[in-house]
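One structure is given here, and the rest of the page talks about it.
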There are 4 protein chains.
Amino acid sequence: MSAPRFKRRKEDRPAEITAAALAAFAENGYAATRVDDVARRAGVSKGLLYLYFATKEELFRAVIRSFVVPKIDALKSDIGKSEMSATAFLRGPFLEMAKSLPNSPAKILVRLMVAEGPKHPDLTAYYLENVVAPALDALRALIAKGVASGEFRPSALDTYPQLIVAPVMFSMLWSIVFDTHHKLDSNGLIESHIELLIGAISASTQGEKT
Amino acid sequence: MSAPRFKRRKEDRPAEITAAALAAFAENGYAATRVDDVARRAGVSKGLLYLYFATKEELFRAVIRSFVVPKIDALKSDIGKSEMSATAFLRGPFLEMAKSLPNSPAKILVRLMVAEGPKHPDLTAYYLENVVAPALDALRALIAKGVASGEFRPSALDTYPQLIVAPVMFSMLWSIVFDTHHKLDSNGLIESHIELLIGAISASTQGEKT
Amino acid sequence: MSAPRFKRRKEDRPAEITAAALAAFAENGYAATRVDDVARRAGVSKGLLYLYFATKEELFRAVIRSFVVPKIDALKSDIGKSEMSATAFLRGPFLEMAKSLPNSPAKILVRLMVAEGPKHPDLTAYYLENVVAPALDALRALIAKGVASGEFRPSALDTYPQLIVAPVMFSMLWSIVFDTHHKLDSNGLIESHIELLIGAISASTQGEKT
Amino acid sequence: MSAPRFKRRKEDRPAEITAAALAAFAENGYAATRVDDVARRAGVSKGLLYLYFATKEELFRAVIRSFVVPKIDALKSDIGKSEMSATAFLRGPFLEMAKSLPNSPAKILVRLMVAEGPKHPDLTAYYLENVVAPALDALRALIAKGVASGEFRPSALDTYPQLIVAPVMFSMLWSIVFDTHHKLDSNGLIESHIELLIGAISASTQGEKT
DNA sequence: TATGAATGAGATTTCATTCAT
DNA sequence: TATGAATGAAATCTCATTCAT
């Protein structure tokens, strides 16, 4: 009767639960995670969890969706608005973001998408449309801007902006699978990659005709 | 005259079973694959499967191990023996192999390792030691050879040979997750990447001093 | 109005389940009893049973333990406090208890311990320490009391109090194995035994110097 | 081709198999023993075992039956023919046999009969008729002989010859269940018991009117 | 809302038994 | 006879989901 009323009544229960689920999925993967475990982590009863998420799969989808943050849009418009040269942007804001990814929750999402994605085509579609494609578009725009400004020569990066972020994905994979045995210097890897790319497409150098 | 209830008696039943398991894992992932299903695919009873593999996990390990073929060693010695220049090797045998990977069983292995690897540190260790590390060593040797011969300038590739194969991994990931919606031209991607890299480190060009 | 699918909610479900298990074990022995069967007897689903007892073996242990009632302590102190002569105690309370054993659940326990005990050294140790040893101590004390009071002559019963209860165990064995074919008059057997023993060690007779 | 022909063709295969089965049952009990295991111990293939014993249960019966040795008949006629006094016989041949039992295969049989007997009424009937009843008859005859000769007073042993052997059974039980923790001096126990009984029924003493 | 005891379908695993060789 | 690979029925155990409270 005298227990504090406030502080118990959380209105963001769903968020707490998806956060707990993300943590659980991160440790054991989707299939090996028990709903019981998620509920316990969230400090909530199983029944309540099912009040918010009708099935385990629904919970999974919520977790995935909750991390489709609109950062991409921000990045996109950043590129457009930015006063920086394309090269400076790559070396600055982009590099910073790229380096932060391998140790962010994105790593968990990657693992989840690789493991469970094929069973959830709608989720992967959603992801492709709302995260991956916009991001690639933004990168393509960045490259185009560099070409337009005379910084870059035309190159395959226009067709394959994926090449810019491939090492970021690689770092995440490595971290997921091999970190226990041998950590990779993902910062060094990613920086080196960006420099190599810039070196390859800078207008000031005579690179190959890719 | 009727179909024999007890089928053939083979010496390579284990191989048949791991092959069936790989196929099943490819379709559903490890956790969602029923042992029943693997047995059915292999044309074998559940009981027989358990005669060869004591647990489902044991079967998983056998699948993983059975695909750690000594191809890597072959590649390694190829590089050493090859009369080709490093550049020619990259554009020839290496590129061919790199392009073949995204559609090979390797893709399935990647999915399995990402999803289940964290639960099997010994398997990932085995993999790192017997596949990944040797492959990276071979690449490093190739780059070194190119530098020694004057083809390449010293570059970050010496420290991060992973950069050479990152797009290959990227292609596999993309294929696993997004192929249903949008196929990636992995051949073009990988070729472009190799050319970009060659352009970046060729001694004949004045790129940055990464 | 229809029978509720989810039945009552009790606090002593474990006790209900161990009781059901004891009954099932009594009929079929441990190994031949299906967990399913125990659940059905307890009016409970298999799943619930596993909620309380993690494995069938755990259930077995719980059954065994649940019957290690502290009756022995009661008996022990009874002997100490009793105003009766040792002879009267043997012919009275002790005989009554001894005669009741062959038709009590103890019989089932004996069967279980004989069949499964060797695989559960910790359980047998527990049993020896908490049931058998105390009981033998109590008997030894009783005999000693009789000797001290001049009722009994010193005899082998001091060293081997087991001799007092051997026919009780024998009755249980007979009952387990042969009751279907030929019931043994265990009451007569046990009474006769006690009288023979008393006759053999009474100070008023000149028996052998065992 | 040159392998020795002889010494491989055993005509007493069944006996070898039942012996192996007894050993296996002794270690794990009937239910927990795998037919595979018995075959391996017997140095024989599973198929061959099934050629001799149609089912595992059949094998069990064979094991039980194979140990119904006709020793009892020997004992019986021994008693009849013996020139010894009943007392001397009890202290001599009988005691020797009684002491040998707790460490003989009989112990295994007891365990098997207690665990599996209730499921095999025909086996227990067979046992009762061919082993237990004759043995009790022999004991009864021995006691009667002692009474007739004036050695013993009439006593309950005439009605309950089981009392003579109860401690033997007790020793076996103890050995099965508790030997790991605390060995019982079964020789001392049994000797003491016989002496107590003789003391109780000897005509030369004034025991109670049992 | 909130709980957690209870369910039941289904997955893994075991093993007596069969049969092609 | 003799083998042991192969079967399949059945047992143990798991866990997403439900529902009385």
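Throughout, read-outs are computed from the coordinates displayed, never taken from laboratory work. Everything quoted here is computed from the prediction, not taken from an experiment. Quick reminder, even Gly has a Cβ in these numbers, built from the backbone with ideal geometry, and neighbours come from all protein chains shown.
Summary of values
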read-out: Relative contact order, percent, region D:5-63 [alpha-carbon distance under 8 Å, six or more residues apart]; value: 39 percent
read-out: Gap separating the Cα centres of region D:43-108 and region A:162-208, nearest whole Å; value: 81 Å
read-out: Label-point separation, B:SER82 to B:MET97 (7 Å along Cα→Cβ), nm; value: 0.8 nm
read-out: Cβ-based charge dipole, the protein assembly as shown, positive-most Cα from C:TYR127, B:LEU142, D:PRO134; value: D:PRO134
read-out: Charge dipole of chain A about the Cα centre (unit charges at C-beta), most positive-ward option of A:ILE194, A:SER45, A:VAL35; value: A:SER45
read-out: Alpha-carbon Rg with Dmax, taken over region C:5-63, Å; value: 10.5, 31
read-out: Principal semi-axes in Å for the protein assembly as shown [√(5λ), Cα gyration tensor, largest first]; value: 82, 33, 22
read-out: Pseudo-label separations to other copies for B:ALA133 - Cα-to-Cβ vector, 7 Å, nm; value: 4.4, 5.3, 7.6
read-out: Loop-exposed GluC sites (Glu not before Pro) per DSSP, neighbour cap 10 Cβ within 10 angstrom, longest uninterrupted part of chain B; value: B:84-210
read-out: Peptide-level mean, for B:125-133, of C-beta atoms on other protein chains within 10 Å; value: 3
read-out: Principal-axis tilt of helix A:133-148 within chain A, Cα atoms, nearest 10 degrees; value: 20 degrees
read-out: Chain A Cβ-axis minimum, rotational copy D, residue and distance in Å; value: A:ALA32, 16
read-out: Debye, to nearest 20: dipole size of region A:68-201, +1 on Lys, Arg Cβ, -1 on Asp, Glu Cβ; value: 60 debye
read-out: Calculated FRET efficiency for the pair C:ASP12/D:GLU129, C-beta based, R₀ 45 Å, to 0.05; value: 0.50
read-out: Theoretical gain in end-to-end length, A:ASN28 to A:ASP179 [0.36 nm per residue, Cα-Cα removed]; value: 52.8 nm
read-out: Cβ-vector label at 7 Å, B:ALA148, separations to other copies in nm; value: 4.8, 9.6, 10.9
read-out: Average other protein chain Cβ within 10 Å of Cβ, residues D:30-43; value: 1
read-out: Relative contact order computed over region A:53-210 (Cα-Cα under 8 Å; 6+ residues apart), in percent; value: 30 percent
read-out: At 7 Å out from Cα toward Cβ: A:ASP12 inter-copy label distances (nm, ascending); value: 4.8, 5.9, 8.4
read-out: Of A:LYS183/B:LYS119; C:LYS119/D:LYS183; C:LYS99/D:LYS76; A:LYS145/B:LYS145; B:LYS119/C:LYS46, those spanning more than 26 Å from alpha-carbon to alpha-carbon; value: C:LYS99/D:LYS76; A:LYS145/B:LYS145; B:LYS119/C:LYS46
read-out: 13 Å Cα-Cα reach of B:LYS107 towards aspartates and glutamates, excluding residues that sit fewer than 8 places from it in its own chain; value: B:GLU27, B:ASP179
read-out: Tilt relative to chain C, helix C:71-81 - C-alpha long axis, 0 to 90 degrees, to 10; value: 30 degrees
read-out: Karplus-derived HN-Hα couplings along region B:151-156 (A = 6.51, B = -1.76, C = 1.60, θ = phi - 60°), whole Hz, x at Gly and Pro; value: 6, 10, 7, x, 7, 5
read-out: Chain A: angle of helix A:106-116 to the longest principal axis, Cα-based, in degrees nearest 10; value: 70 degrees
read-out: Cα gyration tensor, region B:68-201 - rounded (a/c under 1.5), prolate or oblate; value: oblate
read-out: Reachable aspartates and glutamates, given that their alpha-carbon falls under 13 Å from the alpha-carbon of B:LYS81 and they are not under 8 places away in the same chain; value: B:ASP73
read-out: Helical contribution to [θ] at 222 nm, DSSP H n ≥ 4, -39,500 (n - 2.57), averaged over chain D, rounded to 500; value: -18500 deg cm²/dmol
read-out: Neighbour count of at most 14 Cβ within 10 Å plus DSSP loop: longest trypsin sites (Lys or Arg not before Pro)-free window in chain A; value: A:35-182
read-out: Magnitude of the charge dipole, region C:22-132, Cβ model with Lys/Arg +1 and Asp/Glu -1, debye to 20; value: 220 debye
read-out: Two-decimal Rg to Rh for region D:138-197 - Kirkwood Rh, Cα set; value: 1.11
